[in-house]
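The values are calculated or read from the model by the stated rules, or taken from the named source; none is laboratory data. Please read these numbers as outputs of a predicted model, since none were measured by experiment. Note that we place each Cβ from the backbone using ideal geometry, even for glycine, and neighbour counts take in every protein chain shown.
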Amino acid sequence: MTASSEAANQGPAERTAERPDQRPDQRPDQRADQTPAQRAAALRLHRALMPIWSSDQRFRGWLTTSNNNDIGTLFLIVATSFFLIGGILAMLIRAQLATPGSAFLAPEVYNQVFTMHGTVMMFLFAIPFFEAMAVLLLPGMLGTRDMAFPRLGAYGLWVYMFGGSAVIIAMLMGLAPDGGWFMYPPLSSAAFSPGIGPDVWLLGITSIEVSAISAAIEVIVTVLRYRAAGMSLARMPIFAWFILIVAVMILTAFPPMILGSLLLEVERAFDWPFFQVENGGDPLLWQHLFWLFGHPEVYIIFLPAAGMIATVLPVMAQTNLLGYGWVVAAAVSLAVLSFGLWVHHMFTTGIPHMGLAFFSAASTLVAVPTAVMIFSWIGTLWKGQVRLELPMLWLLGFFATFVIGGLTGVMLAVVPFNWQVHDTHFVVAHLHYVLIGGYVFPMIAAVSHGDPGE
Amino acid sequence: MAIADIWWVMLIGAAAIFLLVMGLVLAGLASRAAPSDEGERGTPVWIWGLGLAFPMVTLAALTGYGLMIGERLLPRAAPDLVTVEAEARQWAWTFRYADDPALRTEDVLHIPAGRPVDVRITSRDVVHSFWVPQLAGKLDAIPGRVNVLRIEAATPGTYAGQSAEFSGTGYAGHVFSVEAHDPAAWAAFLQGGAP
């Protein structure tokens with residue numbers, strides 16, 4: 001495990017060394033200010049420290065490890081497994097919907113399957129997968145040995161495994177939640193969902209959110225405090241910028257969701273009134289809390305992938321990124337704006353039109369920083385010479401699919417049109433264009449860029 | 001209908017923008033600039049022009065247009081207004097009529113054609129949504145709240161409606177219909193005669 005950890009640590013560093021904007025004197029093996037004796041001393045020190053930093057060599061090392069490469073690899077494997085499970089669920093949905101009124105899945109089963117598909121893809125795959133990439137790549141990119149708070153990283157991994165497998169095991173036992181991945185009460189309240197499914201969902205998802213928050217804390221401290229000497233914020237690899245912004249967003253967006261989950265669980269378990277009208281609650285409270293988390297969540301998923309694009313695409317174009325500062329500024333403004341438009345998921349709940357106007361304008365406004373990023377990337381293609389290798393092909397898929405997702409998103413931000421297509425397959429299509437084009441394709445590009453299989 | 005106009009405007013606009021962006025991407029693949037070009041000389045065009053100015057102008061126009069249409073569709077006072085109540089439950093609709101409190105229909109809403117109708121929507125159990133695609137956009141039926149939707153059928157006839165908010169196992173079959181009557185049939189309906 002130690003050897004592989006070392007090799008993995010070399011990966012990103014070597015790649016950045018190939019980038020044209022990297023000066024050759026930054027290569028670690030060519031530093032002119034070191035004598036051979038100093039180098040030998042450094043090597044001795046490195047070997048003496050290795051036993052302290054590396055994981056247990058035996059099997060139980062996989063359970064006790066706190067090394068970022070091991071944590072990242074485990075994270076990646078688990079998240080990919082959940083991705084496959086989510087994909088199988090998607091196939092079941094498509095099989096059911098292939099013909100009208102099909103008897104392939106009974107309504108009770110179908111509701112579980114579609115609820116679990118959304119839950120698995122959003123919470124068990126998308127968030128942990130970029131956390132895995134960050135844990136795996138950040139120390140190498142920033143020139144540090146490990147993430148900050150390695151044990152917190154291990155904690156996040158195991159909390160995530162616990163929450164994720166609890167939800168999956170419940171599904172295999174036929175006890176999965178069936179109230180939709182958005183879990184609107186009162187449908188998800190004790191009166192209308194008496195089973196254990198929603199409880200499993202609430203506790204499992206809360207575990208995964210705790211895991212995401214711990215990863216976010218690690219990322220923020222690592223990026224702000226653990227950079228190599230001389231690496232100012234403005235000189236960081238751009239992925240570090242994106243992941244830093246995302247980490248701050250996680251810290252802001254996840255607490256409302258955790259609060260909502262706790263309130264709903266307390267209501268279900270102890271009959272406290274939060275979302276039931278009979279006891280003085282309001283079902284809309286859940287929708288506000290859920291989407292106050294749920295909309296930033298979309299950008300929490302997109303921005304790491306955008307960071308990957310901004311990393312991989314200049315390599316493919318054999319030039320540097322056009323407008324590094326502009327892209328960072330766009331990401332920051334996207335993060336800020338994303339907290340001001342959750343109500344566009346609630347245009348049909350009877351909120352006054354003046355209120356809708358504000359959120360409609362804010363929703364269209366997010367297209368501006370997105371456009372800055374997209375056109376910065378196209379400008380990068382123009383000023384370089386593009387190599388049509390595998391990662392670049394995936395990025396072309398990103399451009400086509402994500403632009404359609406973005407344009408349909410602008411359409412949805414227009415209130416009267418939203419009144420018609422809200423809760424229809426137009427929305428389903430839009431969000432899959434965005435997530436497949438804006439997350440899955442760039443992440444596959446990043447993986448194939450990091451490991452070309454040669 | 002106004003919303004259909006918005007759709008065609010946006011579809012054509014979006015298709016044009018999509019073709020523009022993809023054209024720029026493909027042109028970028030073909031370009032043969034010197035690979036040593038590490039400058040920022042493209043910034044004015046790419047960032048200021050296409051990144052900032054282009055979407056801001058387009059989106060400001062679109063948002064304004066959308067809000068104008070939205071204002072037109074709001075329920076406003078009208079002299080010949082008819083008010084009905086729609087109460088959703090798992091998985092049926094009950095409709096009541098302000099013109100005759102004793103009247104009640106299940107899963108079929110009767111309205112006069114050619115007159116504005118306010119539907120006061122609420123729910124008895126979970127969240128549902130009232131949606132008659134040919135008459136108006138949807139509006140949610142939320143327990144404890146009453147949302148008012150303005151609909152108007154231009155011609156008499158039957159219009160299909162359905163609930164558009166996931167509500168459990170019977171959701172797929174949670175449908176209803178709207179019968180729009182000419183003035184004579186509407187009067188007959190209010191008098192309890194067969195519609």
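Odds and ends about this structure:
- Positions within the range A:396-405 being out of contact with any Pro (no Cβ under 7 Å at 6 or more places or on another chain) and more than 9 Å from chain B (Cβ to nearest Cβ), in sequence order: A:397, A:401, A:402, A:405
- Among the residues listed as A:333, A:338, the single one being within 12 Å of another protein chain (Cβ to nearest Cβ) and among the polar types (S, T, N, Q): A:333
- Those residues of the range A:164-183 which are surrounded by fewer than 24 Cβ atoms within 10 Å (Cβ to Cβ), under 30 Å from residue A:279 (Cβ atoms) and away from chain B (no Cβ under 14 Å), in sequence order: A:166, A:170, A:175
- Hits in the range B:132-146 (condition: surrounded by 21 or more Cβ atoms within 10 Å (Cβ to Cβ) and without any contact (Cβ under 8 Å) to a residue 24 or more places away in the chain): B:139, B:142, B:143
- The residues on offer are A:416, A:391, and the sole one that is more than 8 Å from chain B (Cβ to nearest Cβ), farther than 26 Å from residue B:44 by Cβ, assigned to a helix (DSSP H, G or I) and not hydrophobic (A, V, I, L, M, F, W, C) is A:391.
- When the range A:310-358 is filtered for residues that are surrounded by fewer than 23 Cβ atoms within 10 Å (Cβ to Cβ), over 19 Å from the mean Cα position of the chain (by Cα), of a type in the set (Gly, Ala, Ser) and assigned to a helix (DSSP H, G or I), the ones remaining, listed by number, are A:325, A:329, A:340, A:355, A:357.
- Meets criteria (free of Cβ contacts under 8 Å to residues at least 24 places away in the same chain, of a type in the set (Ser, Thr, Tyr), under 27 Å from residue A:194 (Cα atoms) and touching a strand residue (DSSP E or B) at 6+ places or on another chain (Cβ under 9 Å)) for residue B:94: yes
- Out of A:257, A:316, sole residue that is touching a helix residue (DSSP H, G or I) at 6+ places or on another chain (Cβ under 7 Å) and without any contact (Cβ under 8 Å) to a residue 60 or more places away in the chain: A:257
- Only one entry of A:124, A:138, A:152 meets the criterion of being of a type outside the set (Ser, Thr, Tyr), surrounded by fewer than 20 Cβ atoms within 10 Å (Cβ to Cβ) and in a helix (DSSP H, G or I), and that entry is A:152.
- Scanning the range A:319-333 for residues that are closer than 28 Å to residue A:421 by Cβ and either touching a residue at least 60 places away in the same chain (Cβ under 8 Å) or in contact with a Lys or Arg (Cβ under 9 Å, 6 or more places away or on another chain) (or both) yields a total of 0.
- Extreme residue, nearest to residue B:21 (Cα to Cα), among residues of the range B:45-76 that are more than 7 Å from every other protein chain (Cβ to nearest Cβ) and hydroxyl-bearing (Ser, Thr, Tyr): B:58
- Hits in the range A:41-67 (condition: modelled with pLDDT of 90 or more and surrounded by 12 or more Cβ atoms within 10 Å (Cβ to Cβ)): A:41
- Screening residue A:186 on (1) within 14 Å of another protein chain (Cβ to nearest Cβ); (2) part of a helix (DSSP H, G or I); (3) surrounded by 21 or more Cβ atoms within 10 Å (Cβ to Cβ) shows it passes everything except condition (2).
- Residue in the range B:102-114 that is assigned to a strand (DSSP E or B), within 13 Å of chain A (Cβ to nearest Cβ) and closer than 30 Å to residue A:188 by Cβ present: no
- Residue count for the range A:69-115, restricted to those that are within 14 Å of chain B (Cβ to nearest Cβ) and not in a loop (DSSP other than H, G, I, E, B): 12
- Any chance residue A:274 is among the aromatic types (Phe, Trp, Tyr), closer than 29 Å to residue A:338 by Cα and part of a helix (DSSP H, G or I): no
- Restricting the range A:367-387 to residues that are in contact (Cβ under 8 Å) with a residue 60 or more places away in the chain and more than 7 Å from every other protein chain (Cβ to nearest Cβ), the residue that is nearest to residue B:65 (Cα to Cα): A:373
- Extreme residue, surrounded by the most Cβ atoms within 10 Å (Cβ to Cβ), among residues of the range A:82-121 that are within 22 Å of the chain's Cα centre (by Cα) and small (Gly, Ala, Ser): A:86
- Any hit, the range A:217-224, residues being in a helix (DSSP H, G or I), free of Cβ contacts under 8 Å to residues at least 24 places away in the same chain, under 16 Å from residue A:148 (Cα atoms) and not aromatic (Phe, Trp, Tyr): yes
- Odd one out for residue B:87, checked against (1) loosely packed, with under 13 Cβ neighbours inside 10 Å; (2) out of contact with any helix residue (DSSP H, G or I) (no Cβ under 9 Å at 6 or more places or on another chain): (1)
- Exactly one residue out of A:275, A:242, A:254 is buried (at least 18 other Cβ atoms within 10 Å of the Cβ), more than 26 Å from the chain's Cα centre (by Cα) and not charged (D, E, K, R): that is A:275.
- Search result, residues across the range A:379-391 that are surrounded by fewer than 22 Cβ atoms within 10 Å (Cβ to Cβ) and of a type outside the set (S, T, N, Q): A:387, A:388, A:389, A:390
- In the range A:46-62, the residues that are part of a loop (DSSP other than H, G, I, E, B) reach residues that are of a type in the set (Gly, Ala, Ser) and modelled with pLDDT of 85 or more with C-beta atoms within less than 9 angstrom, at least six apart or across chains, in these pairs: A:55/A:66.
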